[in-house]
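*Asks:* Structure in structure tokens, see below.
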Amino acid sequence: MGSIKELSVKERDELLKSLKARFEKNMNRHPRLVWTKIQARLEAETSGKKLWSLNEMERTGGEPDVVNHDKKTGEYIFYDCSTESPKGRRNLCYDHKALASRREHKPENSALDLATEMGIELLNEEQYKDLQKLGKFDAKTSSWILTPADIRKLGGALFCDRRYDAVFVYHNGAESYYANRGFRGSLRI
């Protein structure tokens, strides 16, 4: 993908408008947070990198929304809150090593590589379970999650979904990929 891109004024304004509408529609995700403070933080992000990353989350179908506020750092935490795993981030194996190991039928990319290109991080197991407390996500799809190094070293990777009104954590070979498996990301601003 190359260097980090910047948003035009029009793209930035459209992104802020979408984020505000989603924020107001889903107050259960952030009952004690105030949009004007979040918008001020977003507008103060002068490098443009974080807004570009948020826009990538939006562009690929993640529907990013604020889920928390870190009082120590002042950062707002955004997660992909699309009902299903983001459509523009499916059919991916877990990481670059897994992608390189496939001799044929390689996917276009890996979850970790694409997340890095986007400037976001994969949700870990705890974050994924926290997300599920805010709604019902991945009832038809699944999402790769950040896999502990000891599991990855043995060739595996973890993914999650929600079935039977419960959240499940599974394992698979890191090189596997499926049309209904993507990944969810987080971003701190």
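*Asks:* When the chain is modelled as a GNM with alpha-carbon springs shorter than 10 Å, which of V167, V66, V34 fluctuates the most?
*Replies:* The residue with the greatest mean-square fluctuation here is V34.
*Asks:* While we're on this one: Full-extension gain between K25 and R163, please, as 0.36 nm times their residue separation minus the C-alpha to C-alpha distance. Mind dumping the intermediate values first?
*Replies:* Working: separation 138, 0.36 × 138 = 49.68 nm, distance 2.49 nm.
So the chain would gain 47.2 nm between K25 and R163.
*Asks:* Another one. Given an 8 Å cut-off on Cα distances and at least 6 residues of separation, report the relative contact order of the stretch 87-189 as a percent.
*Replies:* Values: 183 pairs, mean separation 37.3, N = 103.
In percent, rounded to a whole number, it is 36.
*Asks:* Under 10 Å, Cα contacts only: if you run a Gaussian network model on the chain, which one of S176, S47, S18 comes out with the highest mean-square fluctuation?
*Replies:* S47
*Asks:* Continuing with the same structure: In square nanometres, what is one fourth of the surface area of the convex hull spanned by the alpha carbons of the stretch 17-169?
*Replies:* Working: hull surface 40.8 nm².
Mean orientational projected area (the stretch 17-169, Cα hull): 10.2 nm².
*Asks:* Treating the Cα atoms of the stretch 108-189 as identical point scatterers in vacuum, please give the log10 of the normalised Debye intensity I(q)/I(0) at q = 0.23 Å⁻¹, two decimals.
*Replies:* These q points yield log10 I(q)/I(0) values of -1.19.
*Asks:* How far, in nm, would the chain grow between L33 and T83 when pulled straight, counting 0.36 nm per residue and subtracting the alpha carbon separation? List each step's numbers first, then the result.
*Replies:* On the way: separation 50, 0.36 × 50 = 18.00 nm, distance 2.18 nm.
Difference between extended and current length: 15.8 nm.
*Asks:* Could I ask something else about it? Quick one: among R162, R22, R103, which has the greatest mean-square fluctuation in a GNM of the chain with alpha-carbon springs under 10 angstrom?
*Replies:* So, out of R162, R22, R103, the one fluctuating most is R103.
*Asks:* So, one more: For the stretch 41-128, which whole percent of the accessible surface, found with a 1.4 angstrom probe, sits on carbon and sulfur atoms?
*Replies:* Values: 1920 of 4400 Å².
Heavy-atom surface of the stretch 41-128 belonging to carbon and sulfur, 1.4 Å probe: 44 percent.
*Asks:* What translational diffusion coefficient, to the nearest whole µm²/s, does the stretch 56-132 have by Stokes-Einstein, given a Kirkwood radius computed over alpha-carbon pairs, a temperature of 25 °C and 0.890 mPa s viscosity? Present the calculation step by step, with values, prior to reporting the outcome.
*Replies:* Details: Rh = 13.8 Å.
The Stokes-Einstein estimate is 178 µm²/s.
*Asks:* Which of the lysines could a cross-linker span from K129 if the Cα-Cα distance has to be under 27 Å and same-chain partners fewer than 8 positions apart are dropped?
*Replies:* K20, K25, K37, K50, K71, K72, K87, K97, K140, K153
*Asks:* Work out how far the C-alpha atoms of the stretch 67-110 reach from end to end along every principal axis, then list the three figures in whole Å, largest first.
*Replies:* Largest to smallest, the principal-axis extents are 47, 24, 9 Å.
*Asks:* How long is the gain from D130 to S47 if the chain were fully straight, where each residue apart is worth 0.36 nm and the alpha carbon distance is subtracted? Don't jump to the answer; show the numbers that get you there.
*Replies:* Values: separation 83, 0.36 × 83 = 29.88 nm, distance 2.94 nm.
Answer, rounded to one decimal: 26.9 nm.
The values are calculated or read from the model by the stated rules, or taken from the named source; none is laboratory data. Model, not experiment: these values are computed from the prediction. Ligands, DNA and RNA are stripped out before the accessible areas are found, and what is left, the full protein with its side chains, is counted by its heavy atoms. Shrake-Rupley method; radii C 1.70, N 1.55, O 1.52, S 1.80 Å.
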